[in-house]
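What follows is a single structure, written as structure tokens, with notes after it.
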Amino acid sequence: MRSAARYFWIPALALWIALLATGWHQLLRHEFTAGSRSSEADDWPVDTALTRDPAWPTLIFFAHRNCPCTRASLNELEAILSRAGVRPRVWIVLVSPKEGNDDRVGSGIEERARTLPDARLVLDFEGVEARRFGARTSGHVYLYGRAGELAFSGGITDARGHEGPSLGRRAVLRRLQDETRERTVLPVYGCPIYLGDEDEQTRER
């Protein structure tokens, strides 16, 4: 009887471990898979309603109002601004459905964005501005130099919803300290800004 029970539990335990490993793998794949992106424009889009001050670099942070990963990206943005030798002019653009709502996730992210000092918040209904700049993934940051040239394009976290030192944080800080460097392009980790992009990203992979 004990031998029979042992033969039953061994494959059951192996199956449980396999399922656990598969779930963990899918979770990691989700967190560390970059979102989709469009080609970067070389210069500041002429048709945007956002403005820039030629006396300062301009940083634009695009995110979906309902993406839970956005809170970590906002925390990283605050860390960058607190360490920057040259403070850029900052736009926080939250993509929102046409009919705004009072959902808890979106409202919390909007409130968090408003706490960042000297940052101007814009609700981008239906992603009009995001399309002008080519942002397709929540957490996409664009840094433009004083002349309107694109200096950085990418994410400021190394995975979805992760905080802490990252390639993006270091790259943005370097560009704010030395505008002579070449353009830096990095992956963006976050939720799709537009409905349907998740399915498209899955097909691309």
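On the basis of being more than 15 Å from the chain's Cα centre (by Cα), in the same structural domain as R87 (by TED's automatic domain parsing), modelled with pLDDT under 95 and in a helix (DSSP H, G or I), does R169 make the cut? No: the conditions fail for R169. Residues that are part of a loop (DSSP other than H, G, I, E, B) and surrounded by 15 or more Cβ atoms within 10 Å (Cβ to Cβ) within segment 110-129 comprise L116, G127, listed in sequence order. The set of residues from segment 62-89 being buried (at least 23 other Cβ atoms within 10 Å of the Cβ) and in a strand (DSSP E or B) comprises F62, A63, H64. Annotation: of all residues in segment 172-190 being surrounded by 14 or more Cβ atoms within 10 Å (Cβ to Cβ) and not in a helix (DSSP H, G or I), the one that is farthest from the chain's Cα centre (by Cα) is E179.
The values are calculated or read from the model by the stated rules, or taken from the named source; none is laboratory data. Everything quoted here is computed from the prediction, not taken from an experiment. Every residue, glycine as well, gets a Cβ built from its backbone with ideal geometry; the counts of neighbours run over all protein chains shown.
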